[in-house]
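Chemist: The following block contains the structure, expressed as structure tokens.
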Amino acid sequence: MATQEAAFSLDSFRNILKLEQSKAYSNTSVFGGVDKFTDLWRDQIHTAFGKTREVNRLLEQPYAQMSTTQRKEWTKRWLALLNNRSAPEESPPSDGSRPPKKKTPPAKASPKKAPRVAASRSLDSPVTMLRGVDTKTAEKLNRLGVSTIHDLLYLFPRRHNDYSQRSKIADLEPGQEATVIATVWEARQIKMGKQGRLKATEAVVGDETGNIRVVWFGQTYLARQLTTGTQVALSGKVDFFNRDRVLQSPDYDFINNRIPLIHAGRLVPVYPLTEGLTARNLRRIMWQTLERWGSSIEEFMPQDIRERVGLEDLSNAVLQAHFPDDGDSWERARRRLAFDELLLLQTAVLLRRKDWQADAKGVPVKADDRVVSNFLKGLPFSLTNAQNRCLEETLKDMARGTPSMSRLLQGEVGSGKTVVALAALLAVASKGYQGSIMVPTELLAEQHFNTVCKLMGGLARPVQEENLITSYLEPYPQPISVGLVTGSTRKTLKRELQQRASEGALDIIIGTQTLIQEEMEMPNLALSVVDEQHRFGVMQRAALRGKGEMTPHMLIMSATPIPRTLALTLYGDLDISIIDELPPGRQKIVTKWVSPERRDAAYGFVRDQVHAGRQAFIIFPLIEESEAIEAKAATEEYHRLSQDIFPDLRLGLLHGRMAARKKDQVMGQFHSGELDILVSTPVVEVGIDVPNATVMMVESADRFGLAQLHQFRGRVGRGEHKSYCLLLADNPSELARERLSAIEQIHDGFRLAEVDLSLRGPGDLFGTRQSGLPNLRMARLSDQELLAQAREEAAGLLQKDPDLSMAEHQLLAQRVARFQGEVTAEIS
């Protein structure tokens, strides 16, 4: 790494002074203020200018305490000294040519040691470039997803502890969270506990109003560091012990005019941690990174967008996101960084849509109205207005041909998405083309096949065989065939279906990932339906598109209700159809939040339902971000329920560590009635249809968002029997109480999604483990105005510069490319 002497330059000092001028002497041109810069480089400044009386006088004047007029004069004097002392690096070339143009500093030079970073050093440099980050520390950071300087700068805190309000020692009350600035009078190691085995550091500190005892358990090294007379900032909870107030294990920081507070006495960041990496060490590393590299964060957002939306400078926003001056500063930083995420996301999906449509030479499929009409007439029910509207939108898209359709069909459980998809598939088949439905599990594939068989049962001359049904649909003269292909299909039958599909003689194929295996060819594939879109990766859907000789139309079904504004942003590369009404007669599921004292009664209700011939789900939340721990917790609960609560009933267990075949086996047993109760983590499949299941019991329901609770609730109430959703929450927060109250009263998924947006902070609308969405670190689901602005700005940007090839958009294009690499897209 460069030495301090090599890192300081007269150019960097001049740039900071000129930046101060341009910012009206606001003391914001460098992180920590101008005083921090001059303190840090005092020796280098003396070397450059000498220890003259004027230089010493200027260095001793605190810039932060000056008036604007005084700052103006101070800056003017330094610039005069710089101009009088022309360093060789600043001298004009001897050949009389013009000197090279100086680089303009970034709009907001945030970290104070920014001049140390050479221009050739990239934020993509490994974290081992940082002082104190060795290979072992780098491995720990890597477990947090951090391998480069850029990754570290964007490892934002989960929250901040507000230690900014300072108190006098005399005013401290037991139970209070407080910060004091005090002087250490004495500190020593002590032994505690009956056997004296617990070692600790005890200190007495005081200010002008009184003294207080401080104890740190286990941190005996502090006794050596807390020397008499040391000034410290202490932040923590005040306790009462032996009639005396005491601060127990507070966060602490040493008062040093050259080093700002980062561990106490301010809004202190709380980062995600990993084994072997302490909170203090990570804060120290982060502060060092911001000091030395923060101003190297290049501003990629076009200035006109920044001005229209009213955005903070990027380098300052990153700084304030980590170590904010106050709550307002953090919110301004969060808004800037959230807008960045949303704009990059929207730009990425719109570019992907443009690229895909350029290559998507689809075939125009103009549906025969008579075929569709005859199919609908044969159904035992009428479509809702919403279903008719979505079907019309789909058929109109397919008739267009090029670019091929790419449409999201949204509708909650029971809204009738499958019949809309089947009508479109039959329209395709009646024109001599093929269609497919791909689902995530074998059980869901079988359920779809059974549903299709029932829906086609009203057509002419239906013939059902193993994994195959054929029937006639007037006026199409040929029989339309639908086949089921999964990993469990008998080899001889699978080969036969594969052969028929490759010859174009199998019209509609329903299956799992088997559909994208190389052995499965569909030369006339014109429409591909994907159910539960979040369960499939980009490459899987791309492979499915590649099955045909043309680019097939794509219809993606989702049972997760998403407000339209959010859907347009998350799925900006899709057209969206929403089935926003349920068929008449759909029963409402009785939903109750069960208090802890009523838990035994809830178990008794489940037993009564089973004795009446029904079945029940019991869902346990994700305990940790670890499938292994989650599986262990679910297994323990399964044994407790099996042995202590329901020893006379048949229970099954489902969790994320089980093999796919084992999951299907357990779900099959539950579906066939061999199990009374299914104990599961949230891995239980969306869309599983068990008409006999009438009870959904959710443990620790306060840990789930409304959308996910609504998904759980939708897994019961599919048969003729009255159904119930019991939400168990022992000690919910006020916010969780609002969510539980909302789901008790509201049964419409889209209304619930809107409530979820208004109640939740940063989070994932789809629940902890759902994939297919980017990791939005700072954007919130409630940022609907910001979502709309990002969508509008992205559209305007690409209208002006479709390929982001203009010079002023090069940095933005690079960030979009980086973002595309991080995002799991919905359509590729």
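The numbers here are math on the coordinates, done by the rules we state, and not lab data. Quick caveat: nothing in here was measured; it's all calculated off a predicted structure. For neighbour counting, all protein chains shown are included, and Cβ atoms are generated from backbone atoms with ideal geometry for every residue, glycine included.
Chemist: Grab the beta carbon distance between residue 478 and residue 377, set R0 = 22 Å, and tell me the FRET efficiency rounded to 0.05.
Modeler: 0.65
Chemist: In the stretch 436-514, what % of DSSP beta bridges are antiparallel (nearest 5)?
Modeler: Rounded to the nearest five, the antiparallel share is 55 percent.
Chemist: Measure off 7 Å from each Cα along the Cα-to-Cβ vector at residue 661 and residue 176, then give the distance between these two points in nanometres to one decimal.
Modeler: So the label points at residue 661 and residue 176 sit 6.6 nm apart.
Chemist: Determine the gain in length on full extension of the stretch residue 586-residue 465; use 0.36 nm per residue of separation and subtract their C-alpha separation, reporting nm with one decimal.
Modeler: 40.4 nm
Chemist: If you don't mind, there's one more thing I want to ask. Would you grab the residues whose amide H sits under 5 Å from the one on residue 576? Only those 5+ places off in sequence or on another chain, please, with H modelled 1.01 Å from N.
Modeler: Counting only residues 5 or more places away or on other chains, the set is 408.
Chemist: Provide the packing ranking of 173-185, 219-231, 716-728, i.e. peptides ordered by the mean count of other C-beta atoms within 10 Å per residue, highest first.
Modeler: Going by the mean number of other Cβ atoms within 10 Å, highest first, we get 716-728, 173-185, 219-231.
Chemist: Between residue 165 and residue 299, with labels modelled 7 Å along Cα→Cβ, what's the label distance in nm to one decimal, could you check?
Modeler: My value for the distance between the label points is 3.6 nm.
Chemist: Let me ask you something else. For residue 73 and residue 224, FRET efficiency with R0 = 51 Å and r from the beta-carbon atoms, rounded to 0.05?
Modeler: In this case the efficiency is close to 0.65.
Chemist: Dividing the convex hull volume of the alpha carbon atoms of the stretch 380-435 by its residue count, what do you get in Å³ per residue?
Modeler: Hull volume over Cα atoms, normalised by residue count, gives 89 Å³.
Chemist: Using only the Cα atoms of the stretch 217-342, construct the convex hull and provide its projected area averaged over every direction, in square nanometres to one decimal.
Modeler: 11.0 nm²
Chemist: Given a Förster distance of 30 Å, report the FRET efficiency between residue 370 and residue 402 from their Cβ-Cβ distance, rounded to the nearest 0.05.
Modeler: Efficiency, from the Cβ-Cβ distance: 0.75.
Chemist: Something else now. Do any of 431/800; 361/431; 454/592 go past 29 Å between their Cα atoms, and which?
Modeler: Cα-Cα > 29 Å for 431/800; 454/592; rest within.
Chemist: Residue-wise, which Karplus ³J(HN,Hα) couplings in Hz belong to the stretch 34-50, taking 6.51 cos²θ - 1.76 cosθ + 1.60, θ = phi - 60°, and x for glycine or proline?
Modeler: Working through the residues one at a time gives 4, 4, 4, 5, 5, 5, 5, 9, 4, 4, 5, 5, 4, 4, 6, 10, x Hz.
Chemist: Tally the DSSP beta bridges in the stretch 210-329 and give the antiparallel ones as a percent, rounded to 5.
Modeler: Rounded to the nearest five, the antiparallel share is 75 percent.
Chemist: What order, most packed first, do the peptides 50-60, 633-643 have when packing is the mean number of other Cβ atoms within 10 Å of each residue?
Modeler: Averaged packing, sorted descending, gives the order 633-643, 50-60.
Chemist: Measure off 7 Å from each Cα along the Cα-to-Cβ vector at residue 601 and residue 148, then give the distance between these two points in nanometres to one decimal.
Modeler: 5.8 nm
Chemist: Suppose the chain between residue 185 and residue 811 were pulled fully straight at 0.36 nm per residue; how much longer would it get relative to their current alpha carbon spacing? Don't jump to the answer; show the numbers that get you there.
Modeler: Values: separation 626, 0.36 × 626 = 225.36 nm, distance 5.42 nm.
Roughly 219.9 nm would be gained on extension.
Chemist: Assuming 0.36 nm per residue, please report the length gained on full extension of the stretch residue 213 to residue 454 beyond their Cα-Cα distance. The partial results should precede the final answer.
Modeler: On the way: separation 241, 0.36 × 241 = 86.76 nm, distance 7.66 nm.
Contour length minus the Cα-Cα distance gives 79.1 nm.
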